[in-house]
Each structure stands twice: as C-alpha cells, then as structure tokens.
Protein chains: 2
Amino acid sequence: MSHSYIAPVELEKAYRLLNHGPTVLVSAQHGDDCNVMAAAWACALEFKPAKVSVVLDKSTKTRQLVEQSGYFTLQVPCYAQLNMTKQLGTISKLDDPQKLEHCGVELFYQEDLSSPLVSGCIAWLVCKIIPEPHNQSAHDLFIGSVVGAWADSRVFRDGHWHFQDAPKELRSLHYIAGGTFYLIGEEVKADI
Amino acid sequence: MSHSYIAPVELEKAYRLLNHGPTVLVSAQHGDDCNVMAAAWACALEFKPAKVSVVLDKSTKTRQLVEQSGYFTLQVPCYAQLNMTKQLGTISKLDDPQKLEHCGVELFYQEDLSSPLVSGCIAWLVCKIIPEPHNQSAHDLFIGSVVGAWADSRVFRDGHWHFQDAPKELRSLHYIAGGTFYLIGEEVKADI
C-alpha cells in the first residue's frame, strides 16, 4: 500500500483530526504483540499541548498493550475500511489471536515511534499516556499527549479537512450501533 | 416553537445521541442566571449507568453555572441552527450579558429538572455532575451522569438516528474550525 499521501500535521492543529467526531481505530504494541480495536468514544482534550482522551474497556487486549507500552495511536478510518472497522470493533484478539490478519489490517511505523499505525486510514495521532490511575480504573478513560500527527493530504491539508474534493471512499465513519455508521457529509459555513 | 416531536430516550441508549460525534450546545442555570455555549469536545463515557464527558474551559460563564448548579445539559444542534451554534461558540456572556437574546436562544425545561434545554435542537441529555476535582482543574474535563434524555422523533426513534428520512435542516453539525462545519451524511451499513 502506498503511503505517498501521508503528510505531517502540526501538533497544535491535531485536534482538528478528531473535532468532527469520527469513529477511530486504537492501536498499540508491546514488544512483538500488537492489536487494533475500533472505538467511538475518543475526543480532543486540549489544543496546546495537544491532548486527547479515549475510553478503553477493561476487557480489551488493546488496553493491556496500551498499559504495558505507555503509548497508543488513534487513527481515523474511512469508508473504504467500513467492514474492517466493524470487524475490529467486534472481534477480540483475546478470542482470535489472528484478529489482525482476519480483519485485513496492515501496520506501518513512523520514524522513532514504536506505536503502530494502520494503513489506509486518513489521519493518525500517536499519543503517550499521561498516567491517570483513577480515570483509568473508575472510568476506563485514558488521556494521551499527542507526540506525532499525520493525515492523508487528499482529504486533510493546510490544517483543514477537504472531504468535498476527495473520493467518497475517503470520508470518515461515524458509528451508531449494530453495524450502522454515517459518513461525514456536506461542508457548511456559518455566515454570521 | 412546538415541542410536539420531543420524545424520551431510554437512558441506556442515550450514548447513541452522541456516538456519531456531533458538536453540542452546553447549557446550565443557577438561580435565574443561565447560559449556553457550543462545544466540540463532548463524548459518551459509559453505557449503563449512562455517563458523558465534556471539556469546559475555565474562561467560560457556562462553566461557572455548571459548577454552581451541579448540572448541565448537552444538546445536539442541527443545520437549521448553524449560525446560532457558531455565535454561541464565539460570544461570551461575560462580554455580552444579552448573549442568549442576541443569539436567538429559546429555553425550555423538562418536568422536575432545573437545567435548561435549548429549543430547536434534535437531542438533549440532562446530566448531573459526578464531582472530579482533579479532572475539572487539570483537564477542564467534567463527567456527568445522564438523568434524562430526549430526542426529536423526526430524526431519532426506536433507539436509532434516521437522518435519511428527515429534512436536511435536522442534520447534526460537526465543527472543524473558523465557522466551518460538516453535516452528518449518508447512512452506510457494514455487510460482514
């Protein structure tokens, strides 16, 4: 898979990758063990320094890897990855050790960072955990400092999304329930 | 304004009102003093008991009212409210005491609840703060327990959004930056 469209995003503008509320994929790796899960409950938390929050249930393999490694990647999947996203949110690696192969996930890495990224997504935020034992235990809530951000320049450039000009396959997914998602739609501008 | 379309939503399904990542309006009231602001950083946090999180900057009037009253309402504005939503996120009541009148906000109340709701939105979640002094201070992050939820039955019924069948004016807004929003788009279903 070609990564030629991947361009860095200023950390101060990384919140814009999540601001419209897309469903994300959460990936993490500890040693040779890695996993990816889908999550709807991820959110920007601070502009500068850029921070994010994500809810990771105690039953997930990904959470174990996040706790072991201290890092996670949030990435924004697109319409071309609809079935993969659904599967990544349904199958647990604790039940199916070959989950990633069965879901068709291909991983890659950015220089100097050991947290894996999922190929074919439209944005990526590599995050270092800010330890918050109470939040993690009581609310399954993890807070991360964004240490690197990238986006597919066909849909995000100059600090803004450009879904209008790009193929429908690159639109972000917004999960509801039961395998039903919405694609992000039309751009509108307030005129006041 | 008619409220005849407003129907209660089971608390266990209230997360679905936020799951697709819409921009929200946050309202709060203490005594006779009330305010409404726009926020992009709101998220579901737990299915049952239903909980949500929202980031409220220390500089906002709304945050003061949330802290004083112990309650806030998250509501989902729609395309018909595009300019109002932009203004509610731009003007501070600390600068303009007539903010709500100037933005054209009409409030209403659900029985037994003193937290105000904004007319014309498509979903509402009235929330009671779960006090978390560290999160509120260090991260501007407020956690709320959902005590009541309602939606406009033209776009949300039987526990699901039905944007496809409804007028475009009722689509949710997803903020990026600089007055630019996206409308929620097409429904798609995973077939795996």
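For A:His30, inter-copy separations between label points set 7 Å beyond Cα along the Cβ vector come to 4.3 nm, shortest first.
Under the simplified labelling scheme, the A:Gln68-A:Lys168 pair shows an inter-label distance of 4.1 nm, with each label point 7 Å from Cα along Cα→Cβ.
Shown for segment B:28-52: residues covered by the partner protein chains by 40 Å² or more of accessible area relative to the chain by itself (probe radius 1.4 Å), namely B:Trp41, B:Cys43, B:Leu45.
When you filter the GluC sites (Glu not before Pro) in segment A:97-167 for DSSP loop state and at most 12 other Cβ atoms inside 10 Å of their Cβ, you are left with A:Glu106, A:Glu111. Copy-to-copy label distances for A:Lys189, where each label lies 7 Å from Cα along Cα-to-Cβ, are 3.8 nm in order of increasing length.
With charges set only on the Cβ (+1 for Lys and Arg, -1 for Asp and Glu), what does the dipole of segment B:6-181 come to about its Cα centre, in debye to the nearest 20?
On the way: 15 positive and 19 negative charges, 85 e Å.
The calculation lands at about 420 debye.
Normalising by the residue count of segment B:6-181, find the relative contact order in percent from Cα pairs under 8 Å and 6+ residues apart. It rounds to 29 percent for segment B:6-181.
Loop-only GluC sites (Glu not before Pro) in segment A:1-65, please: DSSP not H, G, I, E or B, and at most 15 other Cβ atoms within 10 Å. The partial results should precede the final answer.
Details: sites: A:Glu10, A:Glu12, A:Glu46; in loops: A:Glu10.
In loop regions of segment A:1-65 (DSSP not H, G, I, E or B), the sparsely surrounded GluC sites (Glu not before Pro) are A:Glu10.
For B:Lys61, a cut-off of 26 angstrom between C-alpha atoms picks up these lysines, skipping any fewer than 8 places away in its own chain: A:Lys13, A:Lys48, A:Lys51, A:Lys189, B:Lys51, B:Lys86, B:Lys93, B:Lys99, B:Lys128.
Averaged per residue, segment B:1-134 has 41 square angstrom of accessible surface, using a 1.4 angstrom probe with ligands and nucleic acids left out. Structural descriptor for segment A:1-110: relative contact order 26 percent, calculated from alpha carbon pairs under 8 angstrom and at least 6 residues apart.
A straight line joining the Cα centroids of segment B:1-76 and segment B:122-191 runs 9 Å.
Only protein heavy atoms count here, probed at 1.4 Å, and on that basis chains B and A bury about 4600 Å² of accessible area in total.
Other chains near A:130-143: what is the mean number of their Cβ atoms within 10 Å of each residue's Cβ? Spell out each step's value before the answer.
On the way: counts 2, 0, 4, 0, 3, 7, 0, 0, 3, 9, 2, 9, 0, 4.
Whole-number average of other-chain Cβ neighbours for A:130-143 is 3.
Distance between the pseudo-spin-label points of B:Glu186 and A:Ser145 (7 Å out from Cα toward the beta carbon): 4.3 nm. Given springs between every Cα pair under 10 Å in a Gaussian network model of chain A, which of A:Ser59, A:Ser115, A:Ser27 has the largest fluctuation? Result for chain A, Cα springs under 10 Å: A:Ser59 fluctuates most. Across segment A:1-30, the residues whose backbone nitrogen lies under 17 Å from the label position 7 Å along the beta-carbon direction of A:Glu111 are A:3-11. Among the residues of A:171-178, the average count of other protein chain beta-carbon atoms within 10 Å of the residue beta-carbon is 6. The alpha carbons of chain A stretch over 46, 35, 33 Å along the principal axes, in descending order.
For chain A, what is the calculated [θ] at 222 nm in deg cm²/dmol (nearest 500), taking -39500 (n - 2.57) for each run of four or more DSSP H residues and dividing by its residue count? If you can, show how the numbers build up before the last one.
Working: 4 runs with 28 residues, N = 192.
Per the formula, -3500 deg cm²/dmol.
Measuring from each Cβ of chain B to the axis that turns chain B onto chain A, the shortest distance belongs to B:Gly21, 1 (residue, then whole Å).
With its label point defined 7 Å out from Cα along the Cα-to-Cβ axis, B:Gly104 lies at 4.5 nm from the matching points of the other copies, in increasing order.
Of the heavy-atom accessible surface of chain B (probe 1.4 angstrom), what whole percent is carbon and sulfur? Walk me through the numbers before you get to the answer.
Numbers: 3700 of 7570 Å².
Carbon and sulfur: 49 percent of the exposed surface of chain B.
A Förster radius of 35 Å combined with the Cβ-Cβ distance from A:Lys48 to B:His160 puts the calculated FRET efficiency at roughly 0.40.
The values are calculated or read from the model by the stated rules, or taken from the named source; none is laboratory data. As the structure is a computational prediction, the values presented were derived from the model and not from experiment. FYI the Cβ positions are ideal-geometry reconstructions off the backbone, even for glycines, and counts take in every protein chain you see. Areas reflect the complete protein model, heavy atoms only, side chains present, ligands, DNA and RNA absent. Shrake-Rupley method; radii C 1.70, N 1.55, O 1.52, S 1.80 Å.
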